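The values are calculated or read from the model by the stated rules, or taken from the named source; none is laboratory data. This structure is a prediction, so every number in the text was calculated from the model and none was measured. Here Cβ is always computed from backbone atoms with ideal geometry, including for glycine, and neighbour counts include all displayed protein chains. Areas reflect the complete protein model, heavy atoms only, side chains present, ligands, DNA and RNA absent. Shrake-Rupley method; radii C 1.70, N 1.55, O 1.52, S 1.80 Å.
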Amino acid sequence: MATTSNSLPSAFDTHHPPSTDIVDKCVHCGFCLPVCPTYVLWGQEMDSPRGRIYLMKLAGEGAAEINSTWVSHFDSCLGCMACMTACPSGVDYGKLMAGSTLS
């Protein structure tokens, strides 16, 4: 397992962790929220693109465990990528979702 600067183990393997460069591009502005179908339906932060990015960040830092609850937020993503066109920071959410092994 990879480690972060705070010496906590990452929840991701060293082969395909989410890109920290992409994760760090998200400024949590909220422009993705009104275009995300799962957020619009459920109103739950962790079922939005910025919520999922935050979960990736926490897991990468060893602050969150990848368990069934964590995975359920990613499984609810429809993969429509509407968030990418709404993002003023240019976060490539598609690469984050494609590069992470979530099961």
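Of all residues in segment 76-96, those that are outside any helix (DSSP H, G or I) and in contact with a Gly (Cβ under 7 Å, 6 or more places away or on another chain) total 1.
If you go through segment 80-96 and pick out every residue that is at pLDDT below 95 and open to solvent by 40 Å² or more (accessible area, probe 1.4 Å), you end up with 1. The single residue among I22, I66, I53 that is in contact (Cβ under 8 Å) with a residue 60 or more places away in the chain and in contact with a helix residue (DSSP H, G or I) (Cβ under 8 Å, 6 or more places away or on another chain) turns out to be I22.
Yes or no: C26 surrounded by 18 or more Cβ atoms within 10 Å (Cβ to Cβ) and at pLDDT 95 or above? Spelling it out, C26 is indeed surrounded by 18 or more Cβ atoms within 10 Å (Cβ to Cβ) and at pLDDT 95 or above. Does segment 47-63 contain any residue that is touching an Asp or Glu at 6+ places or on another chain (Cβ under 9 Å), within 19 Å of I22 (Cα to Cα) and hydroxyl-bearing (S, T, Y)? Looking for residues that are touching an Asp or Glu at 6+ places or on another chain (Cβ under 9 Å), within 19 Å of I22 (Cα to Cα) and hydroxyl-bearing (S, T, Y), one finds at least one in segment 47-63, hence yes.
Do you know which of the residues in segment 33-75 that are in a loop (DSSP other than H, G, I, E, B) and open to solvent by less than 20 Å² (accessible area, probe 1.4 Å) is farthest from T14 (Cα to Cα)? The extreme case among them is C36.
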